[in-house]
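Trainee: Before we start, here is the structure in question, set down as C-alpha cells.
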Amino acid sequence: MYRRQLLQVSAAATLARPALAQGSKVLRFVPQANLANPDPIWTTTVVARNHGYVIWDTLFGLDAGLIPRPQMLAGYTLSDDKLTWRLTLRTGLLWHDGERVRAVDCVASLARWMKRDGFGQRIAQQLAEMRAVDDLTLELRLTKPFAPLPYALGQGSCFMMPERMAKTDAFQQINEYVGSGPFKFVRDEWVSGSRAVYARFDKYLPRDEPASFTAGGKRAYVDRVEWVVMPDPATAAAALQTGEVDWVEQPLSDLLPVLRKAPGVVVENVDLLGAIGIIRFNHLQAPFDNPKLRRALLPAIEQSSYLAAIMGGETALARDGVGVFTLGTPLANDEGLKALTGSRDLELARRLVKESGYKGERVVLMAPSDFPVVNAITQVTRSVYESVGLNVDFVVADWGTVVSRRNSRESVEKGGWSTFCTYGDGLSYSNPATHTALWGSGLQGWYGWPTSPRIEALRAAWYEAPDMPAQQALARQMQAAAFDEVPYIPVGQWYQPIARRTSLSGILKSILPIFWEVRKV
C-alpha cells in the first residue's frame, strides 16, 4: 500500500549545455535534491554538506576506516599535558580567488563551525584560547584534554573558508562561496531548482597519497561537474540511459531492475554507512510539545513499511530494528528497542493518542515534492498519523521551502509547522556529538528544539568517558531516554546505490558523492 507508482517517460529532455572548450570532460550528475541553500554551516541539509565537500577543504579528513588524517595540514603536535594542539598548514594552499590560505582564516572558520556542530560546541566549552601563531600555524589551547579533536575536525562540515566569509554570524548565510578544494563553485551559473556548476581548480595542490573517503590526494580528472536537478526520478533514469547525464545519486528503487539491464549503465553500492530516516517533531508547539502524544505514536510505527516505500524490493539494502545509533557502528544497541520492534498495535496507538490529551489540534506535516526519498517517508508518516486519529494538514512544497519553513518557531496559525521527515547519514548518527536529532539543548539545538537535561547530561558524560565500554554504557542510557522522551522517531536504515554510466570510473566509497578521482572516458 506504500509502494509508489512509476511515472513513465519516453526520454529525458535535452539538457542546456554552455559552450565548452573542445575536449573538455564534463560530468553531469543528478543530486538527491535541489541546492537551495549553499552554506553548509548555516543549514544542515545533506545536499548543502555534499556541495561543501566539492569546493571547500578541511584541516583533517577521514579515510574509509573513519580514521582522521591530516588534509590541509602538513602536521600537528600535542603538548605533553595534552592541552595545546598546534596545527601547521601545508605550504602553497590557495583560495579560489588566488589568495593564500592563512592560519587566521582557519581560526575564523573554526570559530564559526563551533557554534553549530556538536563536536565544535564541546571544544568551545573547554577552549582557553585559539589563535594564529603565524601565517601557517594555528594553536588551540584547552582547559582539559580532548583526545578526539582530529576526528572532530575531520567529520561533518568543518570547512575552512576565507576569514572575511568565516566572520559571518553562524546563524546567517554567507553571501560568497570561495573555497580551496579541487573544484570551485561557478556561482554565475547556479540556478536554484535547475543546476549548480563546479569547475576544476587548476591551482589545487593534492596530497601525495591515495584518496580515501575525505582524506588523501584529491585529484580532479574532469574539467567540470554539473549538478542537474531532476525531481522526477523516472526522468533522471531516462536521462541516464540516453547518456544525457552520467551519474544519478539516488535512483528510485523501483527503477533499479530496469537500470541494471540498461546498456552502458551500472548500478552499484558505494555507501559506507547507509542513511537513517526520521520523523521530527516541533517540541515548542502543540500538539507535539506533549511527550505522551509523541510516545503514543511508537506502537504504530513499522520500520519495514517505511523501508518498502524507500527501497521497494531492494531488501538486501534495507535494515529495520534501528534505534538511536547507526547499525554496524560501536554505539548501536537494543536498549528500549522493543518500542519499535515489538508487535505493532494500531488500536493501542489510537487509545494512547486519546489518553495523551490530544484535542484534535491541526498537525502541519511538511512534505517535499522534489525529494523522492523524503517524500516517500512523509507519505507513510501521513498514513500513520491519520490512522491513529491526528488532524493532519499535509503541506506540499519544494524542499527549499520546507528547509526554510522549518526555521520558524511560530505557531501553525502564523506559518509554523508541527512535524517533518528527513534522514541523516550513518556517520552523523553514529555518535551523540554529531547526532543533532538526539540533542536536548532546546533553542540551541536542531530544528524541533527539544529540551532534555537528561540526554544532555548523558552526552556530556560521553565526551568524558575513558574508553569504548564506558561510551557504550552511556549510549544505552541515551537510547532509553530517547524512547521515553521521543525527540524524534527512527524509521529504518538503508544503503542507497548509485547508478552511473560505464564511462565513469574511480568513484570512492563514501557517505556522500565525491568527484575527485572520478575519471570519464
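Trainee: Looking at the structure I just gave you, is Y204 in a strand (DSSP E or B) and buried (at least 19 other Cβ atoms within 10 Å of the Cβ)?
Mentor: When the stated conditions are applied, Y204 does not pass them.
Trainee: Same structure again: Among the residues of segment 427-438, is there at least one that is out of contact with any helix residue (DSSP H, G or I) (no Cβ under 8 Å at 6 or more places or on another chain), among the aromatic types (F, W, Y) and in contact (Cβ under 8 Å) with a residue 60 or more places away in the chain?
Mentor: Yes: segment 427-438 contains one or more residues that are out of contact with any helix residue (DSSP H, G or I) (no Cβ under 8 Å at 6 or more places or on another chain), among the aromatic types (F, W, Y) and in contact (Cβ under 8 Å) with a residue 60 or more places away in the chain.
Trainee: In addition: Can V245 be described as part of a loop (DSSP other than H, G, I, E, B), buried (at least 23 other Cβ atoms within 10 Å of the Cβ) and modelled with pLDDT of 95 or more?
Mentor: So V245 fits the description; yes.
Trainee: Ok, one more. Enumerate the pairs (first residue in segment 115-129 and without any contact (Cβ under 8 Å) to a residue 60 or more places away in the chain and more than 12 Å from G445 (Cβ to Cβ); second residue anywhere and assigned to a loop (DSSP other than H, G, I, E, B) and not small (G, A, S)) with beta-carbon separation below 7 Å, excluding pairs fewer than 6 apart on the same chain, so at least 6 apart or on different chains.
Mentor: Listed by first residue and then by second, the contacts come to I123/F146; Q126/T143; Q126/K144; Q126/F146; A128/T143.
Trainee: Just give me the residues in segment 137-187 being over 21 Å from P68 (Cβ atoms), aromatic (F, W, Y) and crowded, with 16+ Cβ neighbours inside 10 Å, in sequence order.
Mentor: Y177, F183, F185
Trainee: Would you pick out the residues in segment 74-120 that are assigned to a helix (DSSP H, G or I) and not aliphatic (A, V, I, L, M)?
Mentor: Scanning segment 74-120 gives D105, C106, S109, R112, W113, G118, F119, G120.
Trainee: Ok, one more. Between T235, T168, which is under 21 Å from L110 (Cβ atoms) and either in a loop (DSSP other than H, G, I, E, B) or in the same structural domain as I511 (by TED's automatic domain parsing) (or both)?
Mentor: T168
Trainee: Restricting to segment 48-73, name every residue that is closer than 19 Å to L142 by Cα and either outside any loop (DSSP other than H, G, I, E, B) or basic (K, R) (or both).
Mentor: Passing the criteria: only F60.
Yes/no matrix, rows are residues, columns are (1) farther than 24 Å from S510 by Cα; (2) at pLDDT 95 or above:
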site	(1), (2)
F146	yes, no
P150	no, yes
L153	no, yes
C158	no, yes
D188	yes, yes
R200	no, yes
P210	no, yes
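Trainee: So, one more: Being in contact (Cβ under 8 Å) with a residue 12 or more places away in the chain, among the polar types (S, T, N, Q) and touching a helix residue (DSSP H, G or I) at 6+ places or on another chain (Cβ under 9 Å) narrows it down to one residue among Q477, Q472; which is it?
Mentor: When all the criteria are applied, what remains is Q477.
The values are calculated or read from the model by the stated rules, or taken from the named source; none is laboratory data. Model, not experiment: these values are computed from the prediction. As a convention, Cβ positions derive from the backbone with ideal geometry for all residues, glycine included, and neighbour counts pool all protein chains shown.
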